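See below for the structure under consideration.
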Amino acid sequence: MPKARPMPTNVILYGVGALGTLVLDALRSGYPTIRVVGAVDHAPDKAGRPLAELYPGYAALEGIVVAGTLAECLAGIEAPAHLVYHMTESVPAAIEAQLSEILEAGLDVISAAESMFHPWLRHGEFTQRLDRIARAKGVSVTGVGINPGFSFDSLPLMLARATCGVTRIDISRTIDVTGTGPGDIDHVGYALWPKEFEEKIASGRIVGHMGMPESIAQLAERLDMAIDTVEERWETATADFPVDSGTPELGMIEPGRVIGITQFGEGKKDGETKISMRLVMYYEPEDHGLEVADRIEIVGDHHIKASLVPAARSLFGAACTIVNATHDVIAAAPGFASVLDFSIGGAERGGFRYVLDPAKPPRPGHVALVKEAIEP
């Protein structure tokens, strides 16, 4: 049964790194019904510091101190928290204790971890454990991001609403990864030597983009497309000149190291490709003759081709999808929720609806409007 939505919705930031900064940028651009009341980060250079000091210029953060643990955060806030934006790591083993603690505290959770988008596919036991806690506590948990979560799944499914009888889907996404945080660097494999990249992919120490099999599976499930295998492969590119990573962790990437990764994924049935995905991830892609764009082609009763130019921004886009999932997660039935079931419009950014102005009756070519508050 859907849950009542508090107004305003009070949220806690769990992880105040690069993505946390962008979530705050998104919030202050126009979400009056969402309020940050606490923050958690165990990093020594952040825990114990005023949040407004880490993110200057955002008056709404005054009085919030970054806590080293969730328990400290909850003990130190006056307003009741409703939901946590979880923005730490991606691997289930690294985040299960964090998510369990949040759920046990009776808080809804939106996680930026790629593994949380469709965890039933590869992490069934992990998912069942979290689902049991969430149901017992009457709260919801989900994974949200730009990819997975939007470019390879929500967006093509939205386009597929205009057709039937889908027999094939091809998606290509080219993005600029300049400024990518250390978490993504570790599991994707940027700035390695090509031979080192190949060795680490073969051993599973890096996995490239996390979530392509999940996106393929979700499209096949939702559109009733039969597949029996998902195959992935990777290609790397280097430059003969230094490339700026946009991060202090990597700095300038020396010539010969990996500055571009192309990842391919195919959902197949009896060896025939039914769903194909290509993700091109480069530092400064325009310098290599690449256009930053999302392209989708759907073969069905109505053949659809669509482009998003430039492509949806990765980090800022992820921040926006997190914020826009807030009210859907609050309203979702207890347990694991899917972003693919959420509303098209996302979070209500104004907290009002427009109605006809009773003092100015409409006339041909002119409709006067006034705002009407929406009751929680």
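The values are calculated or read from the model by the stated rules, or taken from the named source; none is laboratory data. Predicted model only: the values in this text are computed from it and were never measured. No Cβ is skipped: glycine too gets one built from the backbone with ideal geometry, and neighbour counts run over all protein chains shown. When the accessible area is computed, the model is the full protein with side chains, heavy atoms only, and any ligands, DNA or RNA have been set aside. Shrake-Rupley method; radii C 1.70, N 1.55, O 1.52, S 1.80 Å.
Being over 20 Å from TRP234 (Cβ atoms) and either in contact with a Cys (Cβ under 8 Å, 6 or more places away or on another chain) or without any contact (Cβ under 8 Å) to a residue 40 or more places away in the chain (or both) is the filter here; which residues of the range 245-270 pass it? It would help to see each step written out before you state the result.
Going through the range 245-270, the residues over 20 Å from TRP234 (Cβ atoms) turn out to be 246-249, 251-252, 254-255, 269-270.
Answer for the range 245-270, where residues must be over 20 Å from TRP234 (Cβ atoms) and either in contact with a Cys (Cβ under 8 Å, 6 or more places away or on another chain) or without any contact (Cβ under 8 Å) to a residue 40 or more places away in the chain (or both): PRO248, GLY251, MET252, GLU254, PRO255.
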I'd like to know if the range 73-91 contains one or more residues that are under 21 Å from VAL144 (Cβ atoms), touching a Pro at 6+ places or on another chain (Cβ under 8 Å) and open to solvent by less than 60 Å² (accessible area, probe 1.4 Å). yes
Go through the range 12-38 residue by residue and tally those that are within 17 Å of LEU103 (Cα to Cα) and either out of contact with any Gly (no Cβ under 8 Å at 6 or more places or on another chain) or open to solvent by 10 Å² or more (accessible area, probe 1.4 Å) (or both). 2
Wholly within the range 54-147, which helices (runs of 4 or more DSSP H) include no fewer than the required count, namely at least 3 residues that are of a type in the set (A, V, I, L, M) and more than 21 Å from PRO334 (Cα to Cα)? 70-76
What's the number of the only condition in (1) among the hydrophobic types (A, V, I, L, M, F, W, C); (2) modelled with pLDDT under 95; (3) touching an Asp or Glu at 6+ places or on another chain (Cβ under 6 Å); (4) surrounded by 17 or more Cβ atoms within 10 Å (Cβ to Cβ) that PHE336 fails to meet? (2)
For the structure I just gave you, tell me whether ALA113 is open to solvent by less than 30 Å² (accessible area, probe 1.4 Å) and touching a Cys at 6+ places or on another chain (Cβ under 8 Å). no
Taking ILE298 as meeting all but one of (1) within 22 Å of the chain's Cα centre (by Cα); (2) within 18 Å of SER215 (Cβ to Cβ), write down the number of the exception. (1)
Residues in the range 158-177: is at least one charged (D, E, K, R), more than 15 Å from SER245 (Cα to Cα) and part of a loop (DSSP other than H, G, I, E, B)? yes
In the range 312-325, is there at least one residue being open to solvent by 40 Å² or more (accessible area, probe 1.4 Å), more than 30 Å from ARG135 (Cα to Cα) and outside any helix (DSSP H, G or I)? yes
Any residue in the range 115-140 that is under 19 Å from ARG222 (Cβ atoms) sitting within a Cβ distance under 7 Å of a residue that is open to solvent by less than 10 Å² (accessible area, probe 1.4 Å) and among the β-branched types (Val, Ile, Thr)? List the pairs, counting only those 6 or more apart or interchain. MET116/THR142; PRO119/THR127; TRP120/THR127
